[in-house]
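**Q** Below you will find the structure I want to go over with you.
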Amino acid sequence: MSRKRLLALAALSAIVAPAFAGTSALAAPADDSAFRVLVFSKTAAFRHDSIPAGVAAIQKLGEENGFAVDATEDANAFTDANLAKYQAVVFLSTTGDPVNQPEQKAAFERYIRNGGGFAGVHAASDSGYTWSWYGGLVGSYFRNHPAQQNATVKMVGQGAASNRGLPNRWNRWDEWYNFRGNPRDAGVRVLAELDETSYNPGSGAMGDHPIAWCHRYDGGRSWYTGMGHTKESFSDPLFLKHLLGGIKMAAGAASFPCDPHGD
């Protein structure tokens, strides 16, 4: 091929490539970080006072474990170009409709379909009630909760990074969500469930009561925990192990054993 033809092809590539940037594979981190996550904590309804502690805890986990963390409450961050920087997006106790523009929602849907990761913490399930795709991503919506109290969490997801180093029966204080539907019906793999005999679940008692789960969804990875209401959660070494493992799973930096029929 002649030099003139090669130069022409190179010029054409430079013009065409940007047009496909929004659908390209997720970018590798620009620095030496193992991966990069975006923590999104915008609230359009109830606001948890634990959010600043949660953001700080995830930033510290990143520093200690070699991954980069950006944090925002600006839904304008949901563009193809910006989301492509991240291996996972963490919805940290978002409420209401925090991603409320059609183009922002569409960009996040493309991000997940492109192989991106989602990690939802606590009130992430109290979000996006008019966005059915997002409800499917989370796995279920919040229904109600009783008073904060101690309960026993049964860790059932063998092999999941978010269960590693945790007791099989984990007694802890939190605000225990009841969900509108059992996430098992959405095809998730349950990683932790509540023993409803260990506390008073109130009017929303579920019987079979998942509290953390994961699944592959629309081309991407989704991990969710209903724990994390309190400020104290984000200084609890066991909860931080749970959270770190979940973020790694969502980012593709740990195995993702999320077949609903897994052990």
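**Q** Determine the pairs where a residue that is on the phi > 0 side of the Ramachandran plot and open to solvent by 10 Å² or more (accessible area, probe 1.4 Å), located within the stretch 210-238, has a partner that is at pLDDT 95 or above and outside any helix (DSSP H, G or I) with Cβ atoms under 9 Å apart, the partner being 6 or more residues away or on another chain.
**A** Final answer for the pair search is Gly219/Asn114; Gly219/Gly115; Gly219/Gly116.
**Q** Let me ask something else. Please verify whether Ser2 is of a type in the set (Ser, Thr, Tyr), within 23 Å of Glu103 (Cβ to Cβ) and at pLDDT below 95, treating the condition exactly as stated.
**A** It is false that Ser2 is of a type in the set (Ser, Thr, Tyr), within 23 Å of Glu103 (Cβ to Cβ) and at pLDDT below 95.
**Q** Taking the conditions exactly as written (touching a residue at least 24 places away in the same chain (Cβ under 8 Å), more than 26 Å from Glu232 (Cα to Cα) and either open to solvent by 10 Å² or more (accessible area, probe 1.4 Å) or among the β-branched types (Val, Ile, Thr) (or both)), does Lys85 satisfy them or not?
**A** For Lys85, the condition - touching a residue at least 24 places away in the same chain (Cβ under 8 Å), more than 26 Å from Glu232 (Cα to Cα) and either open to solvent by 10 Å² or more (accessible area, probe 1.4 Å) or among the β-branched types (Val, Ile, Thr) (or both) - is met.
**Q** Write out, first by first residue and then by second, each pair whose Cβ atoms fall under 7 Å of each other, whose residues are 6+ apart or on separate chains, and whose first residue, in the stretch 244-263, is within 14 Å of Leu191 (Cα to Cα) and open to solvent by 30 Å² or more (accessible area, probe 1.4 Å) while the second is small (Gly, Ala, Ser) and not in a loop (DSSP other than H, G, I, E, B).
**A** Ser255/Ala161
**Q** Scan the strands (runs of 3 or more DSSP E) fully inside the stretch 47-121 and keep the ones with 1 or more residues being of a type in the set (D, E, K, R) and at pLDDT 95 or above.
**A** 68-72
**Q** Restricting to the stretch 37-63, and then to whatever is open to solvent by 40 Å² or more (accessible area, probe 1.4 Å) and of a type in the set (A, V, I, L, M, F, W, C), can you tell me which residue is nearest to Ala119 (Cα to Cα)?
**A** Ranking the candidates gives Ala56 first.
**Q** When residues of the stretch 180-200 are filtered for being in a helix (DSSP H, G or I) and at positive phi, how many remain? Outline the logic, then answer.
**A** Let us first name the residues in the stretch 180-200 that are in a helix (DSSP H, G or I), namely 183-186, 196-198.
Now drop any that are not at positive phi, which leaves none.
Residues that pass the stated criteria total 0.
**Q** Could you please find all residues in the stretch 224-263 being among the β-branched types (Val, Ile, Thr) and in a loop (DSSP other than H, G, I, E, B)? Spell out how you get there, then give the answer.
**A** Start the filter on the stretch 224-263 by keeping residues that are among the β-branched types (Val, Ile, Thr), which leaves 225, 230, 247.
The answer is Thr230, and nothing else.
**Q** How many residues does the stretch 64-82 hold that are open to solvent by less than 10 Å² (accessible area, probe 1.4 Å) and either under 23 Å from His229 (Cα atoms) or out of contact with any helix residue (DSSP H, G or I) (no Cβ under 9 Å at 6 or more places or on another chain) (or both)?
**A** 1
**Q** For the stretch 183-238, which residues satisfy the criterion of being polar (S, T, N, Q) and over 23 Å from Gly115 (Cα atoms)? Reasoning before the result, please.
**A** Taking the stretch 183-238 as the starting set, the residues that turn out to be polar (S, T, N, Q) are 197-198, 200, 203, 222, 225, 230, 233, 235.
Answer for the stretch 183-238, where residues must be polar (S, T, N, Q) and over 23 Å from Gly115 (Cα atoms): Thr197, Ser198, Asn200, Ser203, Thr230, Ser233, Ser235.
**Q** What are the pairs with Cβ atoms under 7 angstrom where one residue, in the stretch 37-49, is acidic (Asp, Glu) and the other, located anywhere, is open to solvent by 30 Å² or more (accessible area, probe 1.4 Å)? Sequence gap at least six, or different chains.
**A** Pairs that qualify, where the first residue is acidic (Asp, Glu) and the partner is open to solvent by 30 Å² or more (accessible area, probe 1.4 Å), are Asp49/Lys231.
The values are calculated or read from the model by the stated rules, or taken from the named source; none is laboratory data. As the structure is a computational prediction, the values presented were derived from the model and not from experiment. No Cβ is skipped: glycine too gets one built from the backbone with ideal geometry, and neighbour counts run over all protein chains shown. What goes into the accessible areas is simple: the full protein's heavy atoms, side chains included, and nothing from ligands, DNA or RNA. Shrake-Rupley method; radii C 1.70, N 1.55, O 1.52, S 1.80 Å.
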